[in-house]
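A short worksheet on the structure shown next.
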Amino acid sequence: MAEIRIEKTAHPKEKPDSGNLSFGKYFTDHMFVMNYEKDKGWFDPRIVPFAPFEISPAAMVLHYAPEVFEGLKAYRRPDGSVQLFRPQENIARMNRSAERMCLPQIDPELFMEALLALVRTDSDWVPAGEDTTLYIRPFLFATDPKLGVHAPSMCTFAIILSPVGPYFPEGVNPVKIFIEKEDVRAVRGGTGFAKCGGNYAGSLRAGERAEANGFAQVLWLDGVHMKYIEEVGAMNVMFKINGKVVTPDISGGTVLPGITRKSCIEVLKDWGYEVEEREISVDELVEAAESGALEEAWGVGTAAVVSPMGVLAYKDVEHVINDNKIGPLTQRLYDELTGIQWGKIPDTRGWIVKVC
Ligand code: PLP
Ligand code: COI
């Protein structure tokens, strides 16, 4: 495996106040970069000062968008050490996303080495304030300076780091969600399961409309019938209906297979909850909200953690869930997951990777 070269910055930046981080606004002193050419494979893995890239105006990513990314976090434990949550899952998902977009695979061992080396290099950027973390954004894009539409043969893989606070300004308070009826995010055979930039580009219009009307994000319906619940803009969704947890089945390939979702399902099953992964129609959800059978609704994701949904708006009706308060199961899941992630409760499932 190629050795990672480290070039430290001569001009470390001033760190932001950890009480005022918001999401994805500040970046650390360094980044990881390596390049790919079809004949050479990956080469020159390096940690260098955070700086702009130079790419051709003809670079393929700027025209046809072959780009995939990941999102994970480094957490500061009460004893001051730093850890990651299930990074192997992000590495595997990035390679699945890359395969869908004809981008090259990255050796999982080198990927892990790069994550650890970069977070160690900038470990003094991992914030210690409540609900703060160092968000890690690996991304991979095609740089071929050619306008023909073909699979890429030149790429860049990079990792940048951003100290963050809560994704939603609401923090762990319930968010208002708009069930989108016009735009769709994904269809069978498309790229829904891949974490590719294009999925997010196509979602911006609906997201902006929802925000302008006071909603935090949209809840997507399936792209064929506009009937079945899929996921929210940056999180998977779960509902507690009549004591059972239900979450959309993701086997159709239209929903991002969230690592937080997978972890929550495991935790819920360990607690003895029945978890149904199945089709959930929007009509079923609205009926359950109206009858009171819908006890709790929440979203799950790396950035959003476990986020209660207090209002679901559909066809001009706002359905309020659990009096717009966080429900007991949502709170319990939040406490369990964040407890493991921040090292406040023991990790009994082998989910934690220590960094330093
Ligand atoms: N769905 C979408 C569209 C997302 O962007 C995310 C965030 O990564 C998720 C779901 C949740 O995935 P994970 O829990 O792996 O962060
Ligand atoms: C994440 O949760 O890591 C995400 O990528 C969500 C969003 C910021 C795109």
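The values are calculated or read from the model by the stated rules, or taken from the named source; none is laboratory data. Just so you know, these numbers come straight off a predicted model, no measurement behind them. Heads up, the Cβs are rebuilt from the backbone with ideal geometry, glycines too, and the neighbour counts pull from every protein chain shown. Heads up: the accessible areas ignore ligands, DNA and RNA and are worked out on the full protein's heavy atoms, side chains in. Shrake-Rupley method; radii C 1.70, N 1.55, O 1.52, S 1.80 Å.
Take Phe178 and decide whether it is assigned to a strand (DSSP E or B), out of contact with any Cys (no Cβ under 8 Å at 6 or more places or on another chain) and aromatic (Phe, Trp, Tyr).
Criteria met by Phe178.
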Is the stretch 238-245 home to any residue that is open to solvent by less than 30 Å² (accessible area, probe 1.4 Å) and within 9 Å of ligand 1 (Cβ to nearest atom)? no
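Just give me the residues in the stretch 142-175 being closer than 24 Å to Leu84 by Cα and either part of a strand (DSSP E or B) or without any contact (Cβ under 8 Å) to a residue 24 or more places away in the chain (or both), in sequence order. First the steps, then the outcome.
Our first condition is that a residue be closer than 24 Å to Leu84 by Cα; within the stretch 142-175, this holds for 156-169, 171-172.
Once the filter is applied, which keeps residues that are closer than 24 Å to Leu84 by Cα and either part of a strand (DSSP E or B) or without any contact (Cβ under 8 Å) to a residue 24 or more places away in the chain (or both), the stretch 142-175 yields Thr156, Phe157, Ala158, Ile159, Ile160, Leu161, Ser162, Pro163, Val164.
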Can you name every residue in the stretch 179-208 that is among the charged types (D, E, K, R) and in contact (Cβ under 8 Å) with a residue 12 or more places away in the chain? Glu180, Lys181, Glu182, Asp183, Arg185, Arg188, Lys195, Arg205
Checking Arg120 against (1) in contact with a Ser or Thr (Cβ under 9 Å, 6 or more places away or on another chain); (2) open to solvent by 10 Å² or more (accessible area, probe 1.4 Å); (3) in a helix (DSSP H, G or I), which test does it fail? (1)
Within the stretch 1-43, the residues that are without any contact (Cβ under 8 Å) to a residue 60 or more places away in the chain, open to solvent by 60 Å² or more (accessible area, probe 1.4 Å) and touching a strand residue (DSSP E or B) at 6+ places or on another chain (Cβ under 9 Å) are Glu3, Arg5, Glu7, Ala10, His11
Report whether or not Asp131 is more than 22 Å from Phe50 (Cβ to Cβ), in contact with a strand residue (DSSP E or B) (Cβ under 9 Å, 6 or more places away or on another chain) and open to solvent by less than 10 Å² (accessible area, probe 1.4 Å). no
Looking at (1) out of contact with any helix residue (DSSP H, G or I) (no Cβ under 8 Å at 6 or more places or on another chain); (2) under 19 Å from Val175 (Cα atoms); (3) small (Gly, Ala, Ser), find the lone condition where Gly258 falls short. (2)
The lone condition Glu318 fails out of (1) more than 16 Å from ligand 1 (Cβ to nearest atom); (2) over 21 Å from Pro169 (Cβ atoms); (3) in a strand (DSSP E or B) is (2)
Output yes when any residue across the stretch 61-74 is within 16 Å of ligand 2 (Cβ to nearest atom) and at positive phi, and no when none is. yes
